[in-house]
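S.K.: Can you keep this structure in mind? I'll have questions shortly.
FYI, it's all coordinate maths here, none of it is from the lab. Bear in mind that the values here come from a model prediction, so they are computed numbers and not experimental data. Cβ atoms come from the backbone with ideal geometry, glycine included; neighbour counts cover every protein chain shown.
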Amino acid sequence: MKRFTDLIAACLPEITELFPWDVADMLEGSDRPLIVDVREADEFDTMHIEGSLHVPRGILESACEYNYEDTVRELVEARARTVVVVCRSGNRSALAAWTMQLLGYRKVSSMKTGLRGWNDYELPLVNTNGMTVPVETADEFFTTRLRPDQLDPAGR
């Protein structure tokens with residue numbers, strides 16, 4: 001049986017990963033990449049990179065194609081554009097970047113360490129109202145909190 005971490009490990013050699021500071025440099029350049037945030041709506045609304053496009057992982061494939069209710073024109077038309085996929089930690093974005101490559105995206109990367117790493121580097125995040133989110137608030141938001149029922153009883 002494969003685990004989530006096995007899926008991530010299998011796709012990593014197939015994709016390009018960029019560190020947050022590399023993405024920040026790209027955003028300051030003249031050829032800005034399209035930042036695609038694949039987290040859930042509540043995560044995105046709480047904080048995201050300003051100007052990023054929200055496309056939840058659950059609808060990614062149909063959002064990348066015309067003729068679906070989930071179609072996102074900007075994403076469909078970005079197959080030749082530089083695209084950086086982001087999530088909380090870099091796992092969902094790695095899977096999303098791999099999937100997008102399969103769908104014909106030629107210059108897609110995943111942001112290694114995700115928005116946690118972005119915040120650790122003290123790069124700006126904004127909420128759905130465009131207000132800057134303090135680094136400390138983001139630290140608290142990105143802290144992992146597992147309930148007892150979410151822990152592996154075998155200790156793996």
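S.K.: Report the label-to-label distance for Glu61 and Lys2 in nanometres (one decimal), using points 7 Å from each Cα along the Cα→Cβ vector.
M.R.: Label-label distance for Glu61 and Lys2, simple model: 1.3 nm.
S.K.: Tally the DSSP beta bridges in the chain and give the antiparallel ones as a percent, rounded to 5.
M.R.: In the chain, approximately 15 percent of DSSP beta bridges are antiparallel ones.
S.K.: While we're on this one: Got a sec? How would Thr144, Thr128 order by Cβ neighbour count within 10 Å, fewest to most?
M.R.: Listed from fewest to most nearby Cβ atoms, that is Thr144, Thr128.
S.K.: Give a quick list of chymotrypsin sites (Phe, Trp or Tyr not before Pro) in region 40-106 that DSSP marks as loop, anything other than H, G, I, E or B, with at most 12 other Cβ atoms within 10 Å.
M.R.: Taking region 40-106 and a limit of 12 other Cβ atoms within 10 Å, the loop chymotrypsin sites (Phe, Trp or Tyr not before Pro) found are Tyr66.
S.K.: Which residue fluctuates the most in the chain, going by a Gaussian network model with Cα springs under 10 Å, if the choices are Ser110, Ser93, Ser62?
M.R.: Of the options given, Ser62 has the highest mean-square fluctuation.
S.K.: Okay, moving on. Among all stretches of the chain without exposed GluC sites (Glu not before Pro) (DSSP loop, at most 16 other Cβ atoms within 10 Å), which one is longest? Display every interim value, and only then the final one.
M.R.: Working: sites that count: Glu40, Glu50, Glu65, Glu69, Glu77, Glu122.
After excluding every exposed loop site, the longest remaining stretch is 78-121.
S.K.: Quick check on the chain: helices-only [θ] at 222 nm, where DSSP H runs of length 4 and up contribute -39,500 (n - 2.57) each and the sum goes over total residues. Nearest 500, please.
M.R.: Helix-only estimate at 222 nm: -9500 deg cm²/dmol.
S.K.: A further question on this structure: Rounding to the nearest 20 debye, state how big the charge dipole of the chain is about its Cα centre with +1 on each Lys and Arg Cβ and -1 on each Asp and Glu Cβ.
M.R.: 540 debye
S.K.: Positive end of the dipole of the chain, charges at C-beta (+1 Lys, Arg; -1 Asp, Glu), about the Cα centre: which of Val85, Leu12, Asn67 has its Cα farthest in that direction?
M.R.: Leu12
S.K.: Check Leu18: other-chain or 5+ apart residues with amide H under 5 Å from its amide H, H built from backbone geometry?
M.R.: Amide H neighbours of Leu18, under 5 Å, 5+ apart: Ser110, Met111, Lys112.
S.K.: Could you check the spin-label model distance between Asp45 and Ala9? Points 7 Å from the Cα along Cα→Cβ, value in nm.
M.R.: 3.7 nm
S.K.: Please report Asp139, Asp42, Asp37 as a ranked list, fewest other C-beta atoms within 10 angstrom at the top and most at the bottom.
M.R.: Ranking Asp139, Asp42, Asp37 by Cβ neighbours within 10 Å, fewest first, gives Asp42, Asp139, Asp37.
S.K.: Quick check: the distance between the Cα centres of region 96-148 and region 1-69, to the nearest angstrom?
M.R.: Comparing the Cα centres of region 96-148 and region 1-69, I get a distance of 8 Å.
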